Amino acid sequence: MKPARRLTLIAAGAVLAGCAQTANAPSTLTVDRARVGATPAGADAAAYFDIRAGGDDRLTGAVTDAAARASLHEMRDADGGGIMTQVDAVDLPAGIEVRFEPFGDHVMLEDLERDLRPGDNVTITLSFADHASIDVEATVVALVDLAEENR
Amino acid sequence: MTETDTHTDGAAPVTSTPPGPAEVESPRRQVIAIAIVAFIVLGVGLVVGYTRASSQSSAAWVELAQPVEMPDVVLTDTDGQPYDLRDRTSGRVTLLYFGYLNCPDACPIHMAVLGATFDQLDPDVRAQLDVVFVTTDPDRDGPDELREFLDRFDPDFVGLTGSQTELRDAQIAAGVPVAVADPPDTNGDYLVGHATQVLVFDTDSVARRVYPFGVRQSDWVADLSDLVDT
């Protein structure tokens, strides 16, 4: 009984590995609701969006046409509030919608090269561990509207 | 209306001599009267409760388990002048926030919402309120930079800076997690982890509630109008 069971497990493992390999090649990944808080030139803005990856992936970086640099920031719980921390990557578990949102995770657009006014568009290129880079068109929204969308 | 109901009840048995209306009533009538009174009291209570809830509690804030006194520190305002925090805010309702200018998310959103809120507030209410933004990044945020940042939201908002030690003391006294600067990256940029809640100090210089994040303008307008005496 024992050897048979082990054999079945090995077979199942082989099938799973096979699936993962084929799924990896064209893994789907969608980015929705991309938006950036209205911010004047010279200051730093935050970009938000929802990402859903078909297979386990990681967001590893961002660049934008609106600022010299962009970096990933994660909100971590802390005593009496949250603490914002810069991170190298954000995990994107398969099939889960990961929301970057106000007072939470975001992409920071550092030292804006132009004023971002509500209604403007910003291109952000997101790069991933597995999936090819994606160009995202983010809409600039008023900061007060970002607070309203929370909760 | 409670009184009128019981009086008419008591006035009904006119026949007997003065023993007082309640005593003449049968126990069953007493029970009914008590039930009516209880029902009315409950109703009034619900209405009062509802009005209080709708006008006062936005549910956006969290009560502090341990009330906090306004930090007794002297910092530097955006004119470069000393600013005695406890002294200057005494007798006023004060919204205290620790943040820094390179913060792209929580800081400008909080300030933008407060700026929009102040535009909506009755001038009498507004006159009794202060917003005090204390930087946790004094190396980058000088008085001029603070003024420029706050003017985006409201020219009356107070901006304060100080030495690292003064600012650390202020954060400890305010009971917020002390902001910690991450090591600088290759560009020399660095992030400052910081608390993201707004502390609201009453006129007695004691904070009893904080607004963690994501507070809507309508919540602020309702709550701040209730917090000051008009």
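Structure notes:
- Cβ-Cβ contacts under 9 Å between residues 6 or more apart (or on different chains), taken from a first residue in region A:123-135 that is touching a residue at least 12 places away in the same chain (Cβ under 8 Å) and loosely packed, with under 14 Cβ neighbours inside 10 Å to a second residue that is in a strand (DSSP E or B) and among the small types (Gly, Ala, Ser), are listed as A:THR123/A:ALA138.
- Pairs, first at the interface with chain A (Cβ under 7 Å from one of its Cβ atoms) in region B:90-108, second among the hydroxyl-bearing types (Ser, Thr, Tyr), C-beta under 8 Å, six or more apart: B:PRO104/A:THR39; B:ALA106/B:THR196; B:PRO108/A:THR39
- B:ASP124 within 14 Å of chain A (Cβ to nearest Cβ), under 20 Å from the mean Cα position of the chain (by Cα), among the charged types (D, E, K, R) and assigned to a helix (DSSP H, G or I): no
- Boolean, B:LEU167 is outside any strand (DSSP E or B), out of contact with any His (no Cβ under 7 Å at 6 or more places or on another chain) and under 22 Å from B:GLU69 (Cα atoms): yes
- Test: B:VAL206 is surrounded by fewer than 22 Cβ atoms within 10 Å (Cβ to Cβ) and in contact with a strand residue (DSSP E or B) (Cβ under 9 Å, 6 or more places away or on another chain): yes
- Count of residues meeting criterion [surrounded by 15 or more Cβ atoms within 10 Å (Cβ to Cβ), modelled with pLDDT under 75 and part of a loop (DSSP other than H, G, I, E, B)] in region B:181-203: 5
- Residue within region B:213-225 that is without any contact (Cβ under 8 Å) to a residue 24 or more places away in the chain, closer than 26 Å to A:LEU72 by Cβ and either among the polar types (S, T, N, Q) or in a loop (DSSP other than H, G, I, E, B) (or both) present: no
- Number of positions in region B:78-87 that are part of a helix (DSSP H, G or I) and in contact (Cβ under 8 Å) with a residue 24 or more places away in the chain: 2
The values are calculated or read from the model by the stated rules, or taken from the named source; none is laboratory data. The shown structure was predicted, so the numbers you read here are calculated from the model rather than taken from an experiment. Quick reminder, even Gly has a Cβ in these numbers, built from the backbone with ideal geometry, and neighbours come from all protein chains shown.
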